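To keep things clear, I will list the structure first and then write my remarks on it.
The values are calculated or read from the model by the stated rules, or taken from the named source; none is laboratory data. Being a predicted model, the structure only gives us computed values, none of them experimental. With ideal geometry, Cβ positions are generated from the backbone for all residues, glycine too; neighbour counts draw on all protein chains shown. For accessibility, only protein heavy atoms count, side chains too; no ligands or nucleic acids. Shrake-Rupley method; radii C 1.70, N 1.55, O 1.52, S 1.80 Å.
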Amino acid sequence: MTLLKRLHLWLIPILTFLVIIAGIAIYYQRIEGYKTLEVIKWQDKVTSAFNATNYEQHGISSMAHEVAGTIQFLRLTQNTSDIARRSFLEKYLSQLVEKPRIKALDGAQIFVIDELFTVVATSIKRGPFYFPTLPDEIYQRTFDTYVKISLGEPFLSDGFIYQSDNDQVRFSFVGAYDSKLFPEDPRAQVQKERTILITDAPLTHLTTLLNDIKSVTYVNADFSLANNNNNNIVSTREIKLSQTEDSLTNRTQLSFSSSKMTLTLSIQDNHYDSEKRRIALEVFGYIVAIEAILLFVIITIMRMRILKPISHLIDDIKAGGQELRYFKRSKGDDEISVLKNAYIDTLSKVKFEAEFDYLTRLANRRTFTSHIEKRIQCYANDNAFIIGWDIKDFRKINDLYGTNIGDRVLVAVAECLRTFIHNYQADLGMGCSDYSISRYGGNCFVAVVDVNHGDKIDSFIRQFESKRGNCVVVDGYTFNLDVAIAIFPLSLSERSELWQKGLEEAFNKSKQIRSRQALVIFDKKLARQLERRDEIEKILLSCSRNGEFELEFMPLIDAKTMLIKGMEVLIRCPSLLQFNTGPDEFIRIAEQANIISSIDQWVIENAFSSYQRMRNECNYQESISINVSALELYNVMFIDLLTKASRKYQIAPQKVVIEITETSYVKSTQDTIGMVEALRDLGFKVSLDDFGTGYTSINQLLHYPVDELKIDKSFVELIGSGSGNEKMLTSIIALAHTCGASVVGEGVEDSYQSHYLSNIGCDTLQGYVFSQPLAFDDFCQLYRTYDAEHYRDQVNDVSLINKKYSPMND
Ligand code: C2E
Ligand code: CA
Ligand code: CA
């Protein structure tokens with residue numbers, strides 16, 4: 001998943017979550033703010049209405065004072081029954097209420113009541129037969145005042161607020177006047193016969209406020225008036241305010257009270273519903289916008305500051321990886337640059353470790369191989385040669401001086417090679433790539449060298465070899481190393497894989513030469529041999545897949561009784577007859593091509609089954625010797641294979657001899673010796689084949705705890721040649737016997753050899769003098785008809801005739 005996708009995956013939910021939380025907080029904060037504002041709004045409205053009411057009340061009371069101060073009113077109070085005075089006053093009153101300042105009170109009315117509680121004058125226009133009456137709401141209060149006055153209680157004036165039928169809040173001012181006394185005179189307060197003047201008008205602000213409240217849904221007003229109206233003028237100056245929240249009914253209550261009235265506003269939460277919806281929508285819009293902006297900003301920053309540099313880095317890395325060599329280091333000091341440089345450093349290190357040998361710092365085998373492949377593809381290599389040096393017996397240096405010195409010898413050789421080749425190429429005006437010199441194997445070095453047109457490579461080798469003699473010096477010791485040198489002219493490499501096989505072939509040949517600086521150049525002849533080997537290898541591969549082999553059997557003769565005491569099983573490959581090759585050659589090829597173990601498996605299986613048949617058909621009870629590749633000593637499945645076969649065909653391990661030839665591939669080690677011991681512990685016998693040739697020698701005899709030793713036919717051939725080798729045969733036999741091993745003489749071709757070998761103590765004889773390897777039926781025939789007496793006679797006969805060769809004469 002890309003970084004950006006991962007970022008989206010994490011960032012979007014987290015950001016959404018945070019923004020939602022913030023949104024909810026903002027939402028509630030705004031709702032609370034709105035509620036507070038709403039409360040303040042209502043507080044303002046109510047307080048200003050209350051204050052306005054105050055002024056209106058004053059206006060109404062001053063209207064009364066104004067009327068009371070007029071001549072019309074004064075004259076009427078002196079005689080309230082005088083109709084003319086009544087009509088004078090009424091005229092005045094009706095004119096007064098029409099005056100704009102009074103009209104502004106919007107429905108002011110004035111009543112004058114005589115001492116008999118009769119309305120004697122009013123501001124209301126009326127017809128001749130209409131007798132004015134007081135409105136109900138005023139009547140009761142005025143009557144109370146009248147009663148008070150009649151009882152002689154002190155009274156001058158008073159005002160009261162009431163709600164009229166048409167939902168108006170009104171204020172009436174009631175004053176009682178005596179015509180003879182000034183109101184300031186204390187007696188004026190207790191005079192029983194007085195004229196009552198009432199001025200009445202609506203309190204518009206309060207009325208409007210109550211109407212306003214009514215029109216608002218979910219807000220209710222509860223308006224009430226105080227009963228004890230003791231003060232002359234209603235004082236609304238002092239307004240007490242209280243606020244309560246009722247969470248049960250979800251409402252806020254605001255209570256405003258003055259001495260005369262109380263207004264309780266209750267605002268239900270539903271009142272805020274529409275506002276809540278609006279705020280919710282608004283906040284939602286905000287959070288969506290904020291999230292989008294934040295996302296955009298973060299992603300843009302990510303893209304610009306992180307992803308873009310990273311993708312540049314990746315491009316650089318990819319390009320660097322393809323080019324292999326060229327990495328552009330970053331100059332910046334930001335994290336990406338540091339990362340890039342660290343990557344380059346690591347890569348260079350890894351690349352070095354992958355391409356070069358840690359010890360000698362030369363190119364490793366893989367790098368060298370790909371370098372050569374490229375050269376073969378890209379250039380004409382007429383004057384280029386691959387040269388290989390294999391240090392002979394390097395193991396000895398390790399054994400003698402220790403691996404530390406061994407390593408330093410390798411480093412010294414590498415250094416010598418590097419310096420020499422660099423100088424040599426430079427002298428010719430050519431460059432030398434780091435990849436062109438390699439530690440190809442443990443103690444094997446190769447290099448590709450260009451020479452001048454027409455020059456031979458031999459001169460390069462000579463120059464280098466003379467130099468090398470002095471330059472491998474470690475701890476004061478000069479190491480004069482023996483080397484096997486192989487040369488492959490690159491011009492021969494039509495097929496790119498040929499050079500490796502060719503070099504190997506040249507090495508093989510060169511290693512066989514017993515010289516301090518053996519040199520083999522891969523040429524056309526070797527190429528043909530290689531081709532032949534390739535062909536053989538292909539056929540072997542197909543034969544081993546299909547089991548297209550045959551077995552032949554060769555008798556082993558007891559040297560004393562001349563009886564058949566065993567047989568050796570030998571493999572044949574009919575498909576290879578065209579190449580005129582036998583197991584001597586093709587087994588080695590099979591070993592090199594890694595197909596030997598399947599061949600060995602086939603041989604073991606078929607040798608055991610042949611033995612079983614032979615036991616049944618010709619009552620064969622002797623031993624069976626089977627050749628296996630020494631490589632099997634490394635194969636952990638080998639013992640299992642043998643035991644299974646011996647069980648399957650019911651052949652006692654004691655009857656089975658496993659013949660092993662030690663080769664260049666298999667040296668005696670703890671493991672191989674352990675394997676030999678394990679075989680013997682199971683009852684199998686182990687025979688050391690081809691004793692005396694290249695690899696198998698006294699050393700091995702002492703290492704391997706074997707039951708049998710087979711002296712190679714090259715030794716047997718020498719019997720009778722008088723070269724003194726016969727003495728060695730006697731010693732080998734004696735040594736073998738000392739080690740508890742019996743001795744087989746191989747390749748016995750004449751009676752004299754068999755006579756000689758039996759006389760010096762050889763236990764068993766094998767060779768054409770007795771029989772060639774035979775097919776199954778022929779061997780059975782031989783076994784049935786075998787005449788030991790004949791061979792005993794023959795041997796004796798020869799000893800009489802050829803006295804001069806008798807060992808007794810030596
Ligand atoms: P080896 O084990 O030393 O086998 C003996 C070889 O010497 C046989 O050759 C045999 O035919 C030959 N020989 C025996 N007596 C005489 C003689 O008097 N004169 C001459 N000129 N030759 C004689 P062969 O069958 O060609 O086998 C060659 C080698 O191939 C064997 O040498 C053995 O190393 C290998 N080999 C043969 N069969 C097998 C096998 O089944 N498995 C494996 N791994 N190797 C085998
Ligand atoms: Ca053998
Ligand atoms: Ca042999």
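Scanning region 352-370 for residues that are surrounded by 17 or more Cβ atoms within 10 Å (Cβ to Cβ) and either more than 32 Å from the chain's Cα centre (by Cα) or modelled with pLDDT under 85 (or both) gives Thr360, Leu362, Ala363, Phe368, Thr369. Residues that are within 16 Å of ligand 2 (Cβ to nearest atom), within 18 Å of Gly767 (Cα to Cα), open to solvent by 30 Å² or more (accessible area, probe 1.4 Å) and modelled with pLDDT of 90 or more do not occur anywhere in region 687-694.
Considering region 629-664, the residues that are within 18 Å of Ala741 (Cβ to Cβ) and of a type in the set (Val, Ile, Thr) include one that is surrounded by the most Cβ atoms within 10 Å (Cβ to Cβ), namely Ile660. The residues listed here are Val473, Val451; of these, the one that is closer than 25 Å to Gly402 by Cβ and surrounded by fewer than 21 Cβ atoms within 10 Å (Cβ to Cβ) is Val473.
Just checking, which of Phe608, Phe586 is under 26 Å from Ile624 (Cα atoms), open to solvent by less than 30 Å² (accessible area, probe 1.4 Å), in contact (Cβ under 8 Å) with a residue 40 or more places away in the chain and within 16 Å of ligand 2 (Cβ to nearest atom)?
Phe586
Name the one entry in Ile589, Ile658 that is more than 9 Å from ligand 1 (Cβ to nearest atom), assigned to a helix (DSSP H, G or I) and touching a Ser or Thr at 6+ places or on another chain (Cβ under 9 Å). Of Ile589, Ile658, the one residue that is more than 9 Å from ligand 1 (Cβ to nearest atom), assigned to a helix (DSSP H, G or I) and touching a Ser or Thr at 6+ places or on another chain (Cβ under 9 Å) is Ile589. Taking each residue of region 618-630 that is of a type in the set (Phe, Trp, Tyr) and looking for partners that are surrounded by 21 or more Cβ atoms within 10 Å (Cβ to Cβ) with beta-carbon atoms closer than 7 Å, six or more apart or interchain, yields nothing. Please determine, by comparing only the residues of region 1-43 that are among the polar types (S, T, N, Q) and assigned to a helix (DSSP H, G or I), which one is farthest from Ile239 (Cα to Cα). This residue is Thr16. Counting only residues that are of a type in the set (A, V, I, L, M, F, W, C), part of a strand (DSSP E or B) and more than 14 Å from ligand 1 (Cβ to nearest atom), region 614-636 holds 0 of them. Residues that are within 16 Å of ligand 2 (Cβ to nearest atom) and of a type in the set (A, V, I, L, M) were ranked within region 611-628; the one that is surrounded by the fewest Cβ atoms within 10 Å (Cβ to Cβ) is Ile624. Yes or no: Ile571 of a type outside the set (Asp, Glu), closer than 30 Å to Ser751 by Cβ and either part of a helix (DSSP H, G or I) or within 16 Å of ligand 3 (Cβ to nearest atom) (or both)? When the stated conditions are applied, Ile571 passes them.
Mind telling me which of the residues Thr16, Thr53, Thr47, Thr36 ends up being under 40 Å from the mean Cα position of the chain (by Cα) and among the polar types (S, T, N, Q)?
Numbers: Thr53 fails: under 40 Å from the mean Cα position of the chain (by Cα); Thr47 fails: under 40 Å from the mean Cα position of the chain (by Cα); Thr36 fails: under 40 Å from the mean Cα position of the chain (by Cα).
Residue meeting the stated conditions: Thr16.
Which condition number does Tyr343 fail, the rest of (1) among the aromatic types (Phe, Trp, Tyr); (2) part of a helix (DSSP H, G or I); (3) within 22 Å of Glu415 (Cβ to Cβ) being met? Evaluating Tyr343 over (1) among the aromatic types (Phe, Trp, Tyr); (2) part of a helix (DSSP H, G or I); (3) within 22 Å of Glu415 (Cβ to Cβ) leaves (3) as the failure. Screening region 765-790 for residues that are in contact with a strand residue (DSSP E or B) (Cβ under 8 Å, 6 or more places away or on another chain) and closer than 21 Å to Lys710 by Cα and picking the one that is nearest to ligand 1 (Cβ to nearest atom) gives Gly767. Within region 171-185, track down each residue that is of a type outside the set (Phe, Trp, Tyr), open to solvent by 20 Å² or more (accessible area, probe 1.4 Å) and in contact with a strand residue (DSSP E or B) (Cβ under 8 Å, 6 or more places away or on another chain). Across region 171-185, the qualifying residues are Ser179, Pro183. Would you confirm whether any residue within region 722-730 is assigned to a loop (DSSP other than H, G, I, E, B) and within 16 Å of ligand 3 (Cβ to nearest atom)? Among the residues of region 722-730, not one is assigned to a loop (DSSP other than H, G, I, E, B) and within 16 Å of ligand 3 (Cβ to nearest atom), which makes the answer no. I'd like the full set of residues that are open to solvent by 60 Å² or more (accessible area, probe 1.4 Å) and either within 12 Å of ligand 1 (Cβ to nearest atom) or in a helix (DSSP H, G or I) (or both), limited to region 592-601. Matches in region 592-601: Gln592, Gln601.
Among the residues of region 396-418, the ones that are touching a residue at least 24 places away in the same chain (Cβ under 8 Å) and farther than 18 Å from Gly476 by Cβ come to 3 in all.
Restricted to region 161-200, and to residues there that are touching a Leu at 6+ places or on another chain (Cβ under 9 Å) and among the small types (Gly, Ala, Ser), the residue that is nearest to Lys260 (Cα to Cα) is Gly175.
Out of Val657, Val676, one residue alone is within 15 Å of ligand 2 (Cβ to nearest atom) and not hydroxyl-bearing (Ser, Thr, Tyr). It is Val657.
Answer yes or no: is there a residue in region 602-613 that is within 16 Å of ligand 3 (Cβ to nearest atom) and not in a loop (DSSP other than H, G, I, E, B). There is at least one residue in region 602-613 that is within 16 Å of ligand 3 (Cβ to nearest atom) and not in a loop (DSSP other than H, G, I, E, B).
Cβ-Cβ distances below 7 Å connect the following pairs, each with a first residue in region 150-164 that is more than 15 Å from Ala201 (Cβ to Cβ) and among the hydrophobic types (A, V, I, L, M, F, W, C), a second residue that is in a loop (DSSP other than H, G, I, E, B) and open to solvent by 20 Å² or more (accessible area, probe 1.4 Å), and a separation of six or more residues or different chains: Leu156/Pro183. When Met562 is tested against (1) touching a strand residue (DSSP E or B) at 6+ places or on another chain (Cβ under 9 Å); (2) away from ligand 2 (no atom under 16 Å from the Cβ); (3) of a type outside the set (D, E, K, R); (4) closer than 16 Å to Tyr634 by Cα, only condition (4) is not met.
In region 249-257, is there at least one residue being out of contact with any strand residue (DSSP E or B) (no Cβ under 7 Å at 6 or more places or on another chain) and open to solvent by 30 Å² or more (accessible area, probe 1.4 Å)? Yes - at least one qualifying residue is present in region 249-257.
Residues to consider are Leu359, Leu294; find the one that is among the aliphatic types (A, V, I, L, M) and either over 30 Å from Asn404 (Cα atoms) or part of a helix (DSSP H, G or I) (or both).
None of the others qualify; the one that does is Leu294.
Of everything in region 481-514, what is without any contact (Cβ under 8 Å) to a residue 24 or more places away in the chain and under 16 Å from Asp393 (Cβ atoms)? Give them in sequence order. Passing the criteria: Gln512, Arg514. Note on region 636-665: residues that are within 16 Å of ligand 3 (Cβ to nearest atom) and at pLDDT below 85 amount to 3. One residue stands out among those in region 537-566 that are over 22 Å from Ser609 (Cα atoms) and more than 60 Å from the chain's Cα centre (by Cα): the one that is most open to solvent (accessible area, probe 1.4 Å), which is Lys560.
Picking from residues in region 721-746 that are open to solvent by less than 20 Å² (accessible area, probe 1.4 Å) and of a type in the set (Gly, Ala, Ser), the one that is nearest to Glu789 (Cα to Cα) is Gly745.
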